Amino acid sequence: MDLRAVFSQILNFFQRFSKKQRVIVIGGVIAAIAFFVFLIVFATNGKSRSDGYSVLFEGLTPGDNALIIQHLQQNQIPYKIPNEETILIPRDKVYEQRIELASQGIPKNSKVGFEIFDTKDFGMTDEEHRVKFLRAIEGELSRTIESLAPIQKANVLIAMPKSSVFVSQQTPPTASVMLGIRQGAALTSAQIFGIKNLVAAAIPNLTVENVKLVSQNGEPLGEDDEITSSKEVAAAQLKYKQNIERALEAKILNILSPVVGGEDKVVAKVNADFDFSQRKSLQEIYDPNNVVRSEQNLEEKREGAQEKQIGGVPGAVSNIGPVQGLDSQNGREKYEKTQNTTNYEVGKTVNEIKGEFGVLTRLSAAVVVDGRYKRVLNKEDGLEHMEFVPLSEAEMEKINLLVKQAIGYNQKRGDDVTVSNFEFNAKSQTFVPEGKMDRFASKLEMYLKPFTPLLKYLIVALIIFIFYRKIIVPFAERMLETQNNEEEKVESLFEATDDEDEDVNKFSEMRKRVEEQLGIGKNFNEEEVRYDVLLEKTKNIIEKKPEEIAMLFKTLIKDEINPDMK
């Protein structure tokens, strides 16, 4: 496409317009460009003001705003306050004042972090150290939360109870977070849960359940997490079920389409039942083949005289030794003791089993297939008709088997598959022999089918071209013809004016010549000359046509004498 040629054609077409039409077209184009420029400038410079003021700071605390206003008043800088969180100053002083205020530490950050420990205080008590440490954690958490995209402000408050030596008397810590959400933004349930986890992980013994979030409007955040999560889980379960059903239906169509003659001759619907309950089980298995870990054997042997036994009649004699007759030479003793201790290593296997997201409990499939059609000659009209022929039982059994294999049929699970054979076209179709034109049309349709999307755009382009040639071009030509006619009329008027001027000049020159030839001076009377000329012409006419002039005078006289006879 030659851009120069197009541009020259547009220029030539524009030059054919009249001055009025050119002014209208140029004015419309300029107005449209100015309007779009205004929109762009207004959109990209939304914070700038038409009166020359721009935003110095926005969204600060009242304390910081007071310090900024005090600084502006001391330096005699004009300012405006359109709302309680915005300060405007002249646009040419914005960056200079921001740098100067930053050098003075304004705006001040009310949130302190661990920089509070940069200065050492040797007289600090343990309680003061605990409070400062708590303030540092709150400040660091607030800064971290404010760095998130949807959060404009954040304030974290932590309630840390004193520790107790008694476990039963210990109180868990809690935390409250106030979130200032940006305008137009919203927190998702995942983001709320993430903020809670962030706060809970920064404080010892703090659980997610003990972290409460509220918005700047005092609305609780994350209190309906269970309801929201249950809805999300239900939606995920339904989507999972539908995806499985569609996949199984696609399998049935793919396997039966070549058999029955195409996808338009088979309809398949699958229903899958799932068990989405989550189950966890802990299984411990002990190994029966024990392994010896340690073994201990103890053996004791003793042989010798038997211990002497004291006896006799109770009394003083028996308590005085040695007692005669207690020695026995035949009292020999033999003692043996054996002890064996074996320790076995007990083998144990611990399995933690977590149930799947969804367990398939039952499948049911309903499949409807079309039959065959044969040509039958109708004796009444002499035309061939298509007659429905149902499939045989053997064919239906094969189709049923194919469907079961495709979906993974399991009889123990209670799956059910139903295959039916129906006539899709209830009315008998008349068969008309296909002619050459029909075959040509079918082949043409087959070849053009891949280009159907492109043909749509070509048809639209053709319609636009016809509209341009039949409506826009004739209208433009009529406008140009009207314009050319108007220009020709104007030119003819100018030409006529020029001709009249030339005639006047020629007449003046001839008059001067006649006056010079007749010797007429400045006292020339034009009326007298005109009268003499007319009188001379009248005489000439009377001499040439006396009879006609006489009849004319007679008629005039009669009309004057008898006016009522008319």
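The values are calculated or read from the model by the stated rules, or taken from the named source; none is laboratory data. The model shown is predicted, which means the values in this text are computed figures rather than measured ones. Please note: Cβ atoms are built from the backbone with ideal geometry, for glycine as well, and neighbour counts cover all protein chains shown.
In the list Ser230, Ser281, Ser277, which residue meets the criterion of being free of Cβ contacts under 8 Å to residues at least 40 places away in the same chain and among the hydroxyl-bearing types (Ser, Thr, Tyr)?
Working: Ser281 fails: free of Cβ contacts under 8 Å to residues at least 40 places away in the same chain; Ser277 fails: free of Cβ contacts under 8 Å to residues at least 40 places away in the same chain.
Sole residue among the options that is free of Cβ contacts under 8 Å to residues at least 40 places away in the same chain and among the hydroxyl-bearing types (Ser, Thr, Tyr): Ser230.
Checked against the criterion of being surrounded by 13 or more Cβ atoms within 10 Å (Cβ to Cβ), in a helix (DSSP H, G or I), among the aromatic types (Phe, Trp, Tyr) and outside the structural domain of Leu148 (by TED's automatic domain parsing), region 233-248 has at least one qualifying residue. Out of Leu157, Leu179, Leu198, Leu213, one residue alone is touching a residue at least 24 places away in the same chain (Cβ under 8 Å) and either under 17 Å from Gly113 (Cβ atoms) or in a loop (DSSP other than H, G, I, E, B) (or both). It is Leu198. Residues that are modelled with pLDDT of 75 or more, closer than 30 Å to Lys280 by Cα, over 45 Å from the mean Cα position of the chain (by Cα) and not aliphatic (A, V, I, L, M) do not occur anywhere in region 371-392. For Met124, the conditions (1) in the same structural domain as Pro173 (by TED's automatic domain parsing); (2) surrounded by 14 or more Cβ atoms within 10 Å (Cβ to Cβ) all hold with the exception of (2).
Once region 366-416 is narrowed to residues that are part of a strand (DSSP E or B), hydrophobic (A, V, I, L, M, F, W, C) and touching a Lys or Arg at 6+ places or on another chain (Cβ under 7 Å), the residue that is nearest to Asp264 (Cα to Cα) is Val369. Contact map, region 453-481: residues that are modelled with pLDDT under 75 paired with residues that are not in a helix (DSSP H, G or I), Cβ distance under 9 Å, separation 6+ or inter-chain. Pairs shown: Ala476/Arg16; Met479/Arg16; Met479/Phe17; Leu480/Arg16; Leu480/Phe17.
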